[in-house]
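Some notes on the structure that comes next.
Since every read-out is calculated from the coordinates, none of them should be taken as a lab result. What you see is a predicted model; the values in this text were computed from it and never measured. Glycine also receives a Cβ, built like all others from the backbone with ideal geometry; neighbour counts cover every protein chain displayed.
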Amino acid sequence: MTSTIAISVGVDHGRRIGIANVVSDYGLDAVYRRIAQLRATGMHYAAVAIEHELAVVSKAEPQAS
């Protein structure tokens, strides 16, 4: 079953972008605001999932010296 919301905004479920792309396009502050919104609406699993993706990306990026 396909979500009618996904259809209305044209989401292509076969092509998922990574959190690094989201941060690049919208900024880290916007991602943190989205996490806060998710928690405020009781969507804790989604918030944790985004936080996990951020942690994985930050560990994979080379540290500036």
Neighbourhood net charge (10 Å Cβ-Cβ; Lys/Arg +1, Asp/Glu -1) for Val22: -1
Just add up the charged neighbours of Lys59: K/R +1, D/E -1, any other residue whose Cβ is under 15 Å from the Cβ of Lys59. -3
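Full-extension gain between Val57 and Arg39, please, as 0.36 nm times their residue separation minus the C-alpha to C-alpha distance.
4.4 nm
If N is the number of residues in region 23-65, what value comes out of its Cα radius of gyration divided by 2.2 N^0.38 Å? Numbers along the way, then the final one.
Details: Rg = 11.7 Å, N = 43, 2.2 N^0.38 = 9.2 Å.
Dividing the Cα Rg of region 23-65 by 2.2 N^0.38 Å gives 1.28.
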